[in-house]
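Following: one structure in structure tokens, then a few remarks.
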Amino acid sequence: MYKPVWFLVAVALLGYGCQTSPEEEHTHGEGGHEHGAEALSYTVWTDSLELFVEFPPLIVGQLSSFAAHFTRLEDYKPVTEGSVTVSLLQEDKGIRQKVDAPSSPGIFNPALQPKQAGQAQLIFELNAPGMQERIIIDSLQVYASTEEAVENAPEQEEGEVTFLKEQAWKVKFQVQEAQKRDIHEVIKTSGQIMPVPGEERVINARTSGNVTFAGSQIVVGKPVQNGERLFNIQSAGFTENNLGTRLQQARAEFERAQADYERAQALVEDQIISRKNFQQIKASFEVAQANYNNLTQNYGSQGQQIQSPIRGFIKNILVEEGAYVNSGAPLATISQDQRLMIKGEVSQKYFQKLPQIRSANFKTTYQDQVHDLDSFNGKLLSYGKSAGGEAHYLPVYFELDNQGNLLSGSFLELYLKTQTLENVLVIPKSALMEDYGTYYVYEQISGESFSKREVLLGADDGLQVQVLEGLAPGAMIVTQGAYQVKMASMSSSVPAHGHSH
């Protein structure tokens, strides 16, 4: 992107040859000669930089000092290091001056004293860490006298709101070019984040007794490993379902069945007992062995040990410590949450549009930003094709990765993307301001000058919004910090254009 304002401004991709003698180079402070003519200002945007420069008209023999404001577009903060060279090129002759550092953060103050009248190119070269830019302002007039400069002063377009660079640099601020692009029509609805089937396991009691927690850190949200002990169930002292008593009985039964089986092995070889009787004895032994092994599995001095069957985290705890539970009672839920599901509820009036749904944007109740489902590796699973009972809504299901910032069970706003509107004027939704149902944005007319533009809106996908009226493609609009510009417009004291730095 490269955007000129007021005059023909362009980025020069090729260098120029300009011989400069030592006496043509100047080194000045911030001060400059006041000509009595209104200051000029230009704003230029490149892909990574904004240059806003103010200076008196260029007059032969008179010194013009420049207040060149350099702003990084990636974070809209001032360039605080580096050097700037300003050059004035007329035909095959030129003068230049270099300043090795900003006079204040973001502001460089080189100065030039033109030697002849006529058309010229004004060239700014920034050499800063990680950034090199060369910007040309074409068709700039150098005047022969102050009177000529005053008489031929070009009209400068200004907005109704002044918001200084020093103000913008101190807040979260951003501008962006309004461009034509594709946007989806959407169905706005609500939804809920749910676990994917198979991603959760319920832990059940394997015996009856009193529950104790395996440590003080058994709380909701705790990460757990596969096989990690979470609970103990103790039944000592109970006359019924006493695991200790059952274990002794099972051990005695197992030992008796084992002895019978070993004896039967010798008898069947000597054909003292039939093969059928041997198989019955063997079966009784295997049942007794399985029952004994089942009771002894994870049994310790503190009772029956209950372990996590998967790696994940404790989603909820369904029992209080010390409570008595029956065998099979649910104790806790362990969730992996590597994948989640979003269930949306869609009114039946959109039934014909459901086959057009391909993806969605969503906004949770505990986050400010709107998310794109595609950035979560999301996909459409299915949508309802029939309505039953008293249901007035049709379900739509999506699956997505849990990147660690989504809460299973929480509710959200859902923007279901349907058909695509191609090549329409679109701006970020964050640029919008509203007063009593009327929407507007702030357009940056120049570096420190803004105008309020009422807009008529179309499709809204939660991230971007279509502009039907009120804004032209290529307009630079405030996408972050519009509220601060609004506050500046309400201030009783408005800074004058061409302020001193």
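The values are calculated or read from the model by the stated rules, or taken from the named source; none is laboratory data. If you're wondering where the values come from, they're calculated on a predicted model, not measured in any experiment. A quick note on method: Cβ atoms are made from the backbone with ideal geometry, for glycine too, and the neighbour counts reach across all protein chains shown. The accessibility values were calculated without ligands, DNA or RNA, using every heavy atom of the protein model including side chains. Shrake-Rupley method; radii C 1.70, N 1.55, O 1.52, S 1.80 Å.
Can you say whether residue 262 is over 60 Å from the mean Cα position of the chain (by Cα) and free of Cβ contacts under 8 Å to residues at least 60 places away in the same chain, as far as the supplied structure shows?
yes
If you go through segment 49-86 one residue at a time, how many are in a loop (DSSP other than H, G, I, E, B) and either out of contact with any Gly (no Cβ under 9 Å at 6 or more places or on another chain) or farther than 18 Å from residue 173 by Cβ (or both)? Write out each step before concluding.
Step one: filter segment 49-86 for residues in a loop (DSSP other than H, G, I, E, B), giving 56-57, 60-63, 66, 73-76, 79-82.
With the extra rule that they be either out of contact with any Gly (no Cβ under 9 Å at 6 or more places or on another chain) or farther than 18 Å from residue 173 by Cβ (or both), the set shrinks to 56-57, 60-63, 66, 73-75, 81-82.
Adding up the residues that qualify gives 12.
Mind counting the residues in segment 97-127 that are open to solvent by less than 10 Å² (accessible area, probe 1.4 Å) and in a strand (DSSP E or B)?
10
Here is a list of conditions, (1) open to solvent by 10 Å² or more (accessible area, probe 1.4 Å); (2) more than 26 Å from residue 196 (Cα to Cα); (3) touching a helix residue (DSSP H, G or I) at 6+ places or on another chain (Cβ under 6 Å), and residue 470 meets all of them except one; can you say which number that is?
Checking residue 470 against (1) open to solvent by 10 Å² or more (accessible area, probe 1.4 Å); (2) more than 26 Å from residue 196 (Cα to Cα); (3) touching a helix residue (DSSP H, G or I) at 6+ places or on another chain (Cβ under 6 Å), the one that fails is (3).
Please identify the pairs in which a residue from segment 52-69 that is closer than 16 Å to residue 85 by Cβ has its Cβ atom under 7 Å from the Cβ atom of a residue that is of a type in the set (A, V, I, L, M, F, W, C) and not in a strand (DSSP E or B), counting only partners at least 6 apart or on another chain.
53/66; 55/39; 55/66
Just one of 147, 158, 177 is closer than 14 Å to residue 478 by Cβ and of a type in the set (Asp, Glu); which is it?
The unique qualifying residue is 177.
Right, residue 177: surrounded by 13 or more Cβ atoms within 10 Å (Cβ to Cβ) and touching a Ser or Thr at 6+ places or on another chain (Cβ under 6 Å) or not?
Against the criterion (surrounded by 13 or more Cβ atoms within 10 Å (Cβ to Cβ) and touching a Ser or Thr at 6+ places or on another chain (Cβ under 6 Å)), residue 177 does not qualify.
Every residue in segment 128-169 that is assigned to a strand (DSSP E or B) and either of a type in the set (Asp, Glu) or farther than 30 Å from residue 60 by Cβ (or both), please.
Correct list: 128, 131, 132, 133, 138, 161, 162.
Under 9 Å by Cβ, and 6 or more places apart or on different chains, what pairs join a residue from segment 93-118 that is among the acidic types (Asp, Glu) with one that is part of a loop (DSSP other than H, G, I, E, B) and surrounded by fewer than 20 Cβ atoms within 10 Å (Cβ to Cβ)?
100/82
Would you mention how many residues in segment 47-74 are of a type in the set (Val, Ile, Thr) and open to solvent by 10 Å² or more (accessible area, probe 1.4 Å)?
The total comes to 1.
Taking segment 107-127 on its own, how many of its residues are at pLDDT below 95 and within 14 Å of residue 49 (Cβ to Cβ)?
0
Taking segment 150-174 only, how many residues are closer than 18 Å to residue 78 by Cβ, open to solvent by 20 Å² or more (accessible area, probe 1.4 Å) and among the hydrophobic types (A, V, I, L, M, F, W, C)?
3
Answer with yes or no whether residue 147 is among the acidic types (Asp, Glu), under 46 Å from the mean Cα position of the chain (by Cα) and surrounded by fewer than 18 Cβ atoms within 10 Å (Cβ to Cβ).
On the way: among the acidic types (Asp, Glu): yes; under 46 Å from the mean Cα position of the chain (by Cα): no; surrounded by fewer than 18 Cβ atoms within 10 Å (Cβ to Cβ): yes.
No: the conditions fail for residue 147.
So, of the residues in segment 76-87 that are over 16 Å from residue 54 (Cβ atoms) and in contact (Cβ under 8 Å) with a residue 40 or more places away in the chain, which turns out to be surrounded by the fewest Cβ atoms within 10 Å (Cβ to Cβ)?
81
Given the condition more than 18 Å from residue 353 (Cα to Cα), touching a residue at least 60 places away in the same chain (Cβ under 8 Å) and assigned to a loop (DSSP other than H, G, I, E, B), answer yes or no: does some residue in segment 435-446 qualify?
no
Would you confirm, using the coordinates I've provided, whether residue 457 is under 28 Å from residue 189 (Cβ atoms), without any contact (Cβ under 8 Å) to a residue 60 or more places away in the chain and surrounded by fewer than 21 Cβ atoms within 10 Å (Cβ to Cβ)?
Yes, satisfied.
Could you tell me which numbered condition residue 451 fails, if it satisfies all but one of (1) more than 19 Å from residue 477 (Cα to Cα); (2) small (Gly, Ala, Ser); (3) open to solvent by less than 60 Å² (accessible area, probe 1.4 Å)?
Among (1) more than 19 Å from residue 477 (Cα to Cα); (2) small (Gly, Ala, Ser); (3) open to solvent by less than 60 Å² (accessible area, probe 1.4 Å), the lone unmet condition for residue 451 is (1).
Hey, among 225, 217, which residue is more than 30 Å from residue 416 (Cα to Cα), open to solvent by 70 Å² or more (accessible area, probe 1.4 Å) and touching a residue at least 12 places away in the same chain (Cβ under 8 Å)?
225 is the lone residue from the list that is more than 30 Å from residue 416 (Cα to Cα), open to solvent by 70 Å² or more (accessible area, probe 1.4 Å) and touching a residue at least 12 places away in the same chain (Cβ under 8 Å).
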